[in-house]
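All remarks here apply to the structure that follows.
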Amino acid sequence: MALELHGTTGVSLVQDGAGMPSGTPLQIIHATTTTEVTLNNNTETDTTLTATITPSSTSSKILITFSYHVYIDSTTAGTWRGLLVRLMRVTGDTVLLADPNSGYGVGANWNDGSDRNMVYATSSHLDSPNSTSAITYGLECRSKSGSSVDINASGYGRGGFIQLQEIAQ
């Protein structure tokens, strides 16, 4: 719940974001992980990067921002290889952000002739869940072209985060 400040009455709770201007953040949830996930096939895999939020109003939108560290080690240098990722509303098993043709998107591809690449991949999405129940968001991924891919590779001191912001409407 958001707080409302009055000069004469002090602090009061605002129910369901009532009276808050559209676009005002009502709550922010931030989760991190350093759990390493290794992929070396085309199997869908959870990244362990998840967070849960309970919207205060059915009209609220949820802004999801996420970033994760990707390390690709491939002996097939010079060919397209990489990571394919999709943002999921885990509650309800709904794909939110992905290429409609492949079912994946926001991933990373390389063709630079080297056999090792590291990068932070970051993206965001605005969701309209129309719910006041707890909602869990997370990332699913798979490797591309037989690449060996590590997400949040612990040996490199890197991790990932997901941030959920409830936005008043």
Which one of these does PRO55 not meet: (1) modelled with pLDDT of 90 or more; (2) out of contact with any Pro (no Cβ under 8 Å at 6 or more places or on another chain); (3) over 19 Å from ALA121 (Cα atoms)?
(2)
So if I check each of SER114, SER124, SER148, which one is farther than 17 Å from ASP46 by Cβ and either within 12 Å of the chain's Cα centre (by Cα) or modelled with pLDDT of 85 or more (or both)?
SER124
Only one of these is among the aliphatic types (A, V, I, L, M), modelled with pLDDT under 90 and farther than 26 Å from SER143 by Cα: VAL14, VAL106. Name it.
VAL14
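The values are calculated or read from the model by the stated rules, or taken from the named source; none is laboratory data. Please read these numbers as outputs of a predicted model, since none were measured by experiment. For neighbour counting, all protein chains shown are included, and Cβ atoms are generated from backbone atoms with ideal geometry for every residue, glycine included.
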